[in-house]
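Encoded as structure tokens, the structure appears first; notes follow it.
The values are calculated or read from the model by the stated rules, or taken from the named source; none is laboratory data. None of these values were measured; they are calculated from a predicted model. Virtual Cβ from ideal backbone geometry, glycine too; neighbours counted across all protein chains shown. Note: accessible area is taken over every heavy atom of the protein model, side chains too, but ligands, DNA and RNA are not part of it. Shrake-Rupley method; radii C 1.70, N 1.55, O 1.52, S 1.80 Å.
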Amino acid sequence: METNPSHTSSDLEHAPYTLLPDNPSPARIRRPFKVFTATLASLVFLLSLVALIINQSQESLPEQNQNRSSSTPRPTESFSKAEPRGVAQGVSPKSNPSFFSDKVSYNWTNAMFSWQRTAYHFQPEKNWMNGPLFHEGWYHLFYQYNPDSAVWGNITWGHAVSTDLIHWLYLPFAMVPDHWYDINGVWTGSATLLPDGRIMMLYTGSTNESVQVQNLAYPANLSDPLLIDWVKYPNNPVITPPNGTETDEFRDPTTAWMGPDGTWRITIGSRHNKSIGLSLVYQTSNFTTFELLKGVLHAVPGTGMWECVDFYPVAINGSTGLDTSASGAGIKHVLKASLDDTKRDHYAIGVYDPVTDKWTPDNPKEDVGIGLQVDYGRYYASKTFYDQNKQRRILWGWINETDTETDDLAKGWASVQTIPRNVLYDNKTGTNILQWPVEEVESLRLRSTDFTEIVVGPGSVVPLDIGQATQLDIFAEFEIEIISETKHEKYGCSGGAVDRSALGPFGLLVLADQTLSELTPIFFRPVNTTEGIVDTYFCADETRSSKASDVFKHVYGSTVPVFTDEKFQMRLLVDHSIVESFAQGGRRVITSRIYPTKAIYGDARLFLFNNATGVNVKATLKIWELNSAFIHPFVFDHN
């Protein structure tokens, strides 16, 4: 690995300091947290996913793209209000037609579209993109995919394999909608690895009458490490909606776990009386016949439909993941649901009773859907799996587009998977999980640059000379020196990086152009509370990330626990139009989906900034340029 010389504060003493561009917006009162400083932890990974990616029509669209030069803008188009894709079929919206009905499309060029495609995040070659597992040396990713277009529909199961979760090879489709019980879509599913080596894949199918049922499939040949051929159980469906359940609100079976009676359980998301989100529990001994158990695993009023439910154990004191069937002393259980009403992934930590098959949150005020989020940014439909190869639990999530369907069709693809994340219990807080990129992403690191104790004064921006700034792995650590009296302040994330307070915001400007006309601040904002303690917010501000007016731009964020023995720490993975931001070793995560028009290719820059009024900020950074991942079709020989 090539390493650049380190830079110190004195090296940048005469660097051009620039005020952060000001575009005031009203601040809101937000919920606070703890002290100020932070720790970065490192973790590991594995397989289990539920995703959605988009490509492009294989017929007319490629020809249309080829006829446009990289510098030729496409005609502007107006947008009319329409129901998002997927709603009529009984799933969450898969498009954003209502965001920009009163605007015209930005004059995107092919060069801009090409830059938006990620270099090391998994996505299909083209069109729209679900359950993972490890088998005979290969990680298998099954993903919801539209082979015909870059919009949601005709959902088929794509299939890719990898030896390291970073470099992927596309395989032939695993399953297509070709039976009455899944003719309207092969939707989300989960794999269960049985002790005898068999693999059971349960998935939701949308029937010819748009009823959501659960079906069984399994590999045709377990000795095939690539698991190319899959067989659908002849007597599908194996589970139909129970009486009293809405037939289009019953989906996404989980990986099964073994109960104390020696039989398997799965849980499926649904709702009751339109507003009560819940998770049903089914019992089976053979995966072909299932019994609905009395009651529910858990339910939370006011949270609406639960989809893509996930349920798994975490060790209270441990550095490795647990098999889904693990239970007993020293183990908590995470219950996660993707809320159809809000398009947010929420989770809570609690205790599972394997006798009654009931789960109880540790803190009812932070229950599923009303408390912690898996990721506070553009993120949905997440799914974990247990990697028995490296004894870790791996989390996948779906990053959908925030531009228009018209733009997705023009570029020929949509949606991306997050970098797989290792999941552990945070035994320091006792209230949350830790998420961290799998260690394999470090294999992409190229040249590194160090900056040591750079002091950034109030209202200043400092450029960081690192060369290309579109594929990065950034570790940043911050300390603050109070230089003026502070008082109780009511600040949080929603005012963005231009909303100045005594102790913040400060952090990094990623994917910024030289003039700062486009920038995406990722920042901390400590605030003094009425109790006299400091709470810290971790935020991502997309509001000035793009000159384009037809993309959704938002300020995301949350409070994050920071202890007195910790510094403020963040890790960012920058990959073209995706930024994944991890605070305090992964206590909080924010995924950003952004579409710059100027801060692309060689014009993308990285800056430090401090927009606080009452502190100096001292920053230490280590930044790696990242290589591109190898993501291509599997090449079969003549045999």
Take the residues in the range 596-628 that are surrounded by fewer than 24 Cβ atoms within 10 Å (Cβ to Cβ) and among the small types (G, A, S); name whichever of them is farthest from the chain's Cα centre (by Cα). G614
Consider L278 against the criteria (1) outside any loop (DSSP other than H, G, I, E, B); (2) closer than 27 Å to R198 by Cα; (3) among the aliphatic types (A, V, I, L, M): it satisfies all of them except one. Which criterion is unmet? (2)
Which count do you get for residues in the range 462-485 that are crowded, with 18+ Cβ neighbours inside 10 Å and over 29 Å from the mean Cα position of the chain (by Cα)? 2
From the list R593, R587, R571, pick out the single residue that is buried (at least 24 other Cβ atoms within 10 Å of the Cβ) and closer than 28 Å to N427 by Cβ. R587
Qualifying residues in the range 546-568 (those that are among the small types (G, A, S) and under 18 Å from T418 (Cβ atoms)) - the one most open to solvent (accessible area, probe 1.4 Å): G557
Looking across the range 281-314 at residues that are open to solvent by less than 10 Å² (accessible area, probe 1.4 Å) and in a loop (DSSP other than H, G, I, E, B), the single one that is farthest from V213 (Cα to Cα) is T303
Would you be able to say whether some residue in the range 434-441 is under 17 Å from H121 (Cα atoms) and open to solvent by 10 Å² or more (accessible area, probe 1.4 Å)? yes
Quick one: is P521 under 26 Å from E489 (Cβ atoms) and part of a strand (DSSP E or B)? yes
Kindly provide the set of residues from the range 153-180 that are surrounded by fewer than 21 Cβ atoms within 10 Å (Cβ to Cβ), more than 24 Å from the chain's Cα centre (by Cα) and closer than 18 Å to V213 by Cα, ordered by number. V176, P177, D178, H179, W180
Taking the range 390-404 and the residues there that are at pLDDT below 95 and either open to solvent by 10 Å² or more (accessible area, probe 1.4 Å) or outside any strand (DSSP E or B) (or both), the one that is farthest from I419 (Cα to Cα) would be T404
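Count, please, the residues in the range 360-380 that happen to be within 19 Å of D252 (Cβ to Cβ), hydrophobic (A, V, I, L, M, F, W, C) and surrounded by fewer than 24 Cβ atoms within 10 Å (Cβ to Cβ).
Kept after step one, since they are within 19 Å of D252 (Cβ to Cβ), are these residues of the range 360-380: 368-369, 373-375, 379-380.
Still in the list and also hydrophobic (A, V, I, L, M, F, W, C): 368, 374.
Right, trim to surrounded by fewer than 24 Cβ atoms within 10 Å (Cβ to Cβ) and you get none.
Selection size over the range 360-380: 0.
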Complete set of residues in the range 250-275 that are touching a Pro at 6+ places or on another chain (Cβ under 8 Å) and in a loop (DSSP other than H, G, I, E, B): G259, P260, S275
